[in-house]
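No value in this document is a laboratory result; all are computed from the given coordinates. Small disclaimer: the values here were computed from a predicted structure and weren't measured. Methodologically, a virtual Cβ is constructed for each residue, glycine included, from the backbone with ideal geometry; neighbour enumeration extends over all protein chains shown.
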Ligand SMILES: Nc1nc2c(ncn2[C@@H]2O[C@H](COP(=O)(O)OP(=O)(O)OP(=O)(O)O)[C@@H](O)[C@H]2O)c(=O)[nH]1
């Protein structure tokens, strides 16, 4: 007689869904998104509020797929632009399965963190987890204390976080654990994107963000809010080089000077740095044509905002 019983270990169901990292400016959301996805997709800078567009990265696992939505820093609205950013954040939060509040290990919990935690209470559908970021910048003792403080914040404002996980995007420590925890909270579902696809952000937006990142490097503090970057046109050349026309909008003539630099030196440098990254992103040779334009008070003008893609 043959044994017809086969031992089958049940394969776990495939999970898929969306997660969103939130936190005050500079909390480390973009860097952690990149670490989770394993490729540079969101822009990072040491300056707050550089993330404008909702950039998605995708974490692929054999049994799960996590679509990460990286949001701008949620903050109290000051200008119309601020209000738009907040609307964007709230819209995003209402759609995702998991929201992860990022709080740096090396900074005291402040009013900004409380403000965001309170905002999360208004989005009841999603699972809330907390991530204590930048653990490499704090001692073990500090990290332990921060974990307790973050848990207490969750208890007070949200009836508790489902998980509180420490991680360092810089060293990679615990980044896999963060992915595991986020994946755990996704519903059962099929793959949403084909394997290997890292982002579904339109390429032009990513190109614009790379230029914006390069243009912001090392310039004055007020510039981030005043700089918008738009890809006007791309042309495939016969020699295989992709010609990309990019317009950088500033609010004032004086800011134009900052971006362009003496004799155009700074803009040239920005173009060179951005071009290398764009070529890596698109996998093709690129010729960048950068123009700086003044769009007065674009942050406060709804028509201009729309034209600039906000
Ligand atoms: N030491 C250390 N620095 C980090 C880590 N993660 C992020 N940073 C730094 O912290 C700064 C802010 O990081 P971002 O990832 O841009 O922060 P963000 O929350 O996306 O910021 P906004 O776009 O302003 O909302 C950058 O200078 C990062 O290099 C980390 O794990 N360790």
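Rank these for me by crowding, 155, 209, 173, going from fewest to most other beta carbons within 10 Å.
Numbers: 155 11, 209 24, 173 14.
Least to most surrounded, the residues fall as 155, 173, 209.
Only bridges whose two residues both fall in the stretch 203-307 count here: according to DSSP, what percent of them are antiparallel, nearest 5?
On the way: 8 of 17 bridges.
In the stretch 203-307, approximately 45 percent of DSSP beta bridges are antiparallel ones.
In what sequence, highest mean first, do 15-27, 256-268 appear when ranked by Cβ atoms within 10 angstrom? Could the numbers behind the result be given before it?
Numbers: 15-27: 22.6, 256-268: 14.3.
My ranking of the peptides, most packed first, is 15-27, 256-268.
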